[in-house]
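The values are calculated or read from the model by the stated rules, or taken from the named source; none is laboratory data. Here the structure is a predicted model, which means the values were calculated and not measured. Glycine gets a Cβ as well: all are built from the backbone with ideal geometry, and neighbour counts include every protein chain shown.
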Amino acid sequence: MTLPWYPRDMGKYARDTGTLTLIQHGAYNLLLDHYYSTGPINAFEQCSSNASLMPDHSPLYCLCKATSKQEQEAVDFVIRKYFKLNEDGFYRHDHCDKVIEKQNKTHMNRVNAGKQKGKKAKLKQCSSNAPQTKKETKTKTVEEEDILAKNRFEEFWKIYPNQRKGNRQKAGAAYKRAVKRAVDGEEEILRGLEAYRASAEVLTGFAKGAEAWLNDDRWTVDYTVTKQNKKTYSDEIMRAGQMAMENLSQEAKIDEIS
């Protein structure tokens, strides 16, 4: 593949052409432009223009528009100095061939990179339209479980005794951990809470904070309390209160006597 443009190494050009005249520079640059744009120069190609000015139809003179003897001598000098005529009838230039090869390789790398990028984009689009994979299904299941767990905690928080609920956020975190420890999960915790609500501890106003209740696995405690047990427990509280009142009354009488 030839090049629509080519890199110009000014340093190398200056070193290689330090002895050239102005006309020779012109001839050399015209030959380089032609070489990069069309490839090796055909030594035997007939000139199709300026035939009257160049009777020998030299393709080299034709390329450089060399009509005078001085211009043609400049073309001959440059060809002999910088180009090599191969057996196939084409003039070759080693440095030009290397530059063309390098540029073609760079071009192909960019083309291949573009194709690969296009394939990746197409695969990405196809994958977005494809059915859900196991990983996506698993992620969706986890999200659904989180929503369900949140709803179950709301149920737990709603029915927990109002006396000492405590911090809602901390209780929610404790509930999430407790679910993992409970044998039957949330169902077991909610059953334990229902029993706790009917316990003497709650009925007498000494309910435990929700976070502590969960952290201590209190849903596993047997809160079965009969009516008789409830009455006995209440009677003990009342007797303790009466005894305290009697003691206060006796102390008051002693104070009066003294």
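A few comments on the model shown:
This table checks each residue for (1) exposed (fewer than 11 other Cβ atoms within 10 Å of the Cβ); (2) modelled with pLDDT of 90 or more; (3) β-branched (V, I, T).
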{"position": "P131", "(1), (2), (3)": "yes, no, no"}
{"position": "E144", "(1), (2), (3)": "yes, no, no"}
{"position": "F153", "(1), (2), (3)": "no, no, no"}
{"position": "Y175", "(1), (2), (3)": "no, yes, no"}
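- Top-ranked residue in region 1-27 [being in contact with a Cys (Cβ under 9 Å, 6 or more places away or on another chain) and at pLDDT 90 or above; ranked as surrounded by the fewest Cβ atoms within 10 Å (Cβ to Cβ)]: G26
- Count of region 1-30 residues, restricted to those that are part of a loop (DSSP other than H, G, I, E, B) and not polar (S, T, N, Q), is 10.
- Checked against (1) hydrophobic (A, V, I, L, M, F, W, C); (2) within 30 Å of M108 (Cβ to Cβ); (3) at pLDDT 95 or above, C96 passes all but condition (3).
So that you can scan it fast, the table gives a plain yes or no per residue for (1) touching a Phe, Trp or Tyr at 6+ places or on another chain (Cβ under 7 Å); (2) surrounded by 18 or more Cβ atoms within 10 Å (Cβ to Cβ):
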position: A66; (1), (2): no, yes
position: K69; (1), (2): no, no
position: V78; (1), (2): yes, yes
position: Y82; (1), (2): yes, yes
position: N86; (1), (2): no, no
position: E101; (1), (2): no, no
position: T106; (1), (2): no, no
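- Pairing each residue of region 71-87 that is under 14 Å from D16 (Cβ atoms) with any residue that is among the basic types (K, R) and surrounded by 14 or more Cβ atoms within 10 Å (Cβ to Cβ), provided the two are 6+ apart or on different chains, yields C-beta distances under 9 Å for F83/R92.
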